[in-house]
Amino acid sequence: MKPLDELFREAGEAHHRAFAHAGGDDPQWPRWYAEYLHPRLQAYARRPLGREELAEWLARMGREVQGPGWPAQYARRFSEEYGRE
């Protein structure tokens, strides 16, 4: 399996490409990321996660975590909150 931070980084790159025409502006970004990440994150979670739950978690992370190191921070927090033991 890929490292979690790599999955979050890939999601960021894919989102950037998808919304390049809008200058990256996407007020619904947590939903977009949840759709992209949902099937990829299931293998890392100790229980099934719904897309809506994932979108809410991503929105919370967006308020709490900022800056260039966000993929590693998201990966750490995901592991702490949802990761397999």
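Just so it is clear, none of the values below were taken in a lab; they were calculated from the coordinates. Keep in mind the model is a prediction, meaning the values are calculated, not measured. Note: ideal-geometry Cβ built from the backbone for every residue, glycine included; neighbour counts use all protein chains shown.
What is the number of the single condition among (1) surrounded by fewer than 14 Cβ atoms within 10 Å (Cβ to Cβ); (2) touching a residue at least 40 places away in the same chain (Cβ under 8 Å) that P48 does not meet?
In the conditions (1) surrounded by fewer than 14 Cβ atoms within 10 Å (Cβ to Cβ); (2) touching a residue at least 40 places away in the same chain (Cβ under 8 Å), P48 misses (2) alone.
Applying the selection to region 1-26, what residues are farther than 13 Å from G69 by Cα, charged (D, E, K, R) and surrounded by 14 or more Cβ atoms within 10 Å (Cβ to Cβ)?
E10, D26
Rundown of residues vs (1) touching a Leu at 6+ places or on another chain (Cβ under 8 Å); (2) among the charged types (D, E, K, R), yes/no style:
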| position | (1), (2) |
| --- | --- |
| P3 | no, no |
| L7 | yes, no |
| G12 | no, no |
| H21 | no, no |
| R31 | no, yes |
| R40 | yes, yes |
| A55 | no, no |
| E81 | no, yes |
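Please determine, by comparing only the residues of region 51-78 that are part of a helix (DSSP H, G or I) and over 12 Å from the mean Cα position of the chain (by Cα), which one is surrounded by the fewest Cβ atoms within 10 Å (Cβ to Cβ). If you could, list the steps in order and put the result at the bottom.
Step one: list which residues in region 51-78 are part of a helix (DSSP H, G or I), which gives 51-64, 70-78.
Then keep just the ones that are over 12 Å from the mean Cα position of the chain (by Cα); that gives 52, 63-64.
Details: E52: 12, R63: 7, E64: 10.
Result: R63.
With the structure loaded, tell me whether A43 is of a type in the set (A, V, I, L, M, F, W, C), in a helix (DSSP H, G or I) and surrounded by 12 or more Cβ atoms within 10 Å (Cβ to Cβ) or whether it fails that test.
Judged against the criteria, A43 is not a match.
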